[in-house]
Amino acid sequence: MYEITPEDEKKLSKLSSYQQEILRILAEVPKGKVVTYGDLAKELARRNPKYSPDANQAVGTTMRSNPCGPQIPCHRVIKSDGSIGNFRGGAEGAVQEKIKMLREEGVLVIRGKINLKEFRHYFS
């Protein structure tokens, strides 16, 4: 879990309340674990029922807007089928960078996929 700093707070204050809440939840995901876009949407809706648990695309947009990466770890967010998904807005070489970061944290990536049974983080 990453503890959000006062510097991060300044950056987050420029985002919508939805984006801030998603990134605060994401900060709870430890090294060596991943979550899906849907996991984040569902967790936000569980904590704050005014939000939709089906807002996967909005979560993806939030990941692209993350001003506090890699400390708030958008590289730990993957697709529901275990595939890597995008990173840094699809910039050239970004997916390979995401895979490298995950592997450095101990996440096993095989043929562009992660075994969610082994590496998925569950919110309590």
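Values in this text are rule-based calculations from the coordinates and carry no lab data. Not measured: the values here are computed from a predicted model. With ideal geometry, Cβ positions are generated from the backbone for all residues, glycine too; neighbour counts draw on all protein chains shown.
Brief remarks on what is shown
- Simple point charges give the picture: +1 on the Cβ of Lys and Arg, -1 on the Cβ of Asp and Glu, and for the chain a dipole about the Cα centre of about 240 debye.
- Close amide-amide hydrogen proximity is noted between ILE114 and SER83, each under 5 Å apart and 5 or more residues distant or on a separate chain (H modeled in the peptide plane; Pro and chain starts excluded).
- Adding -39500 (n - 2.57) for every DSSP H run of four residues or longer, then dividing by how many residues the chain holds, sets the calculated 222 nm ellipticity at -11500 deg cm²/dmol.
- As a proxy for reagent exposure, ARG47, ARG76, ARG111 were ordered by neighbouring Cβ count within 10 angstrom, fewest first; the result is ARG111, ARG47, ARG76.
- Percent of C-alpha pairs per 10 Å bin, the chain, short to long: 14, 48, 34, 5
- Values of log10 I(q)/I(0), in the order q = 0.14, 0.16, 0.23 Å⁻¹, for the stretch 36-84 under a Debye, Cα-only, solvent-free model: -0.33, -0.43, -0.85
- Pairs of Cα atoms nearer than 8 Å and 6+ residues apart set the relative contact order; for the chain it is 27 percent.
- Each of the peptides 59-69, 97-107 was scored by the mean count of other Cβ atoms within 10 Å over its residues; in descending order, highest first, they stand as 59-69, 97-107.
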